[in-house]
Amino acid sequence: MINSNYAISGLLILLLKISFINKYINLKSKTKYTFSQFYLSICKIKITFEVNLKTLIMKTHFLLPNQFKKIGWMLFIPSIIVGTYLLFSDFNFDSHFQIKVFAFINDEILSDTKYFTFIENGILDEMLVVLIILGAILIGFSETENEDEFISKIRYESLVWATYLNFGLMLLSTLFIYGFPYFDVLIINIFAMLLFFIIRFHFMIYKLNKSISDDE
């Protein structure tokens, strides 16, 4: 993808240089269009295309290959369903899948705070959170099959939109929700922004594909 962008950009620069050369030849006999002005115009065009190309490479450089998206869905969907059900069913996570784990900090009720120690802990909730976050990252930040600059723009706008929505809801929750329900809000907030991002991004891609198919 990036190599083809290099080739296209190089071709466009070449065509523009030829166009400016012709323009310079045509205007030289009619105006005082100096060689320095012509050279400055060529430099501006070259710099503009190089900046655009670097921007495109930066937008796609940190995305994962498309095949990771399917893995993300396989991790995300079952984990979010099981996690949501258990969270609102008063399930006791600490009584299941108990193993000894390493903790940087452990502060339990009626006990002293311990640092860098091994403790017995039920890891089911941690496993679900890790799978949900990992799956959401793979879904949201893997390339689409036809990744281009416009889709990168949709991804960027969706991420900004999800950030505003997530922290807007967090502010409202902080002002109007108290007690243990607020603790549930904090847990949901761990992966809520990624969820908002995925929903909005894929909805916009669906609208884009639908508009293209309707035009055809």
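Only the coordinates and a few stated rules stand behind these numbers; no lab work does. Quantities reported herein were computed from a predicted structural model and do not represent experimental measurements. When we count neighbours, we look across all protein chains shown, and the Cβ atoms used for this are built from the backbone with ideal geometry, even at glycine.
GluC sites (Glu not before Pro), restricted to region 82-172: which are DSSP loop and have at most 14 other Cβ atoms within 10 Å? Don't skip to the answer; put the middle values down first.
On the way: sites: Glu108, Glu120, Glu126, Glu143, Glu145, Glu147, Glu149, Glu157; in loops: Glu108, Glu143, Glu145, Glu147.
Sparse-neighbourhood loop GluC sites (Glu not before Pro): Glu108, Glu145.
Could you compute the FRET efficiency for Val101 and Tyr206, with r as their C-beta to C-beta distance and R0 at 30 Å, rounded to 0.05? Please list the in-between numbers first.
Numbers: r = 41 Å, r/R0 = 1.37.
The pair Val101/Tyr206 has a calculated efficiency of 0.15.
I'd like the FRET efficiency for Tyr164 and Asp90, computed as 1/(1 + (r/R0)^6) with the beta carbon distance as r and R0 of 41 Å, rounded to 0.05.
Values: r = 33 Å, r/R0 = 0.80.
The value I calculate is 0.80.
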Label point distance in nm, Phe180-Val130, each placed 7 Å from Cα along Cα→Cβ: 2.8 nm
Summed residue charge, Cβ within 12 Å of Thr117's Cβ, Lys/Arg positive, Asp/Glu negative: -2
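Are there chymotrypsin sites (Phe, Trp or Tyr not before Pro) in region 105-181 that DSSP puts in a loop and that have at most 13 other Cβ atoms within 10 Å, and which ones?
Tyr178
Relative contact order for region 95-187: what percent, with Cα pairs under 8 Å and sequence separation of 6 or more? All intermediate terms of the calculation are to be shown ahead of the outcome.
Working: 51 pairs, mean separation 16.8, N = 93.
Value for region 95-187: 18 percent.
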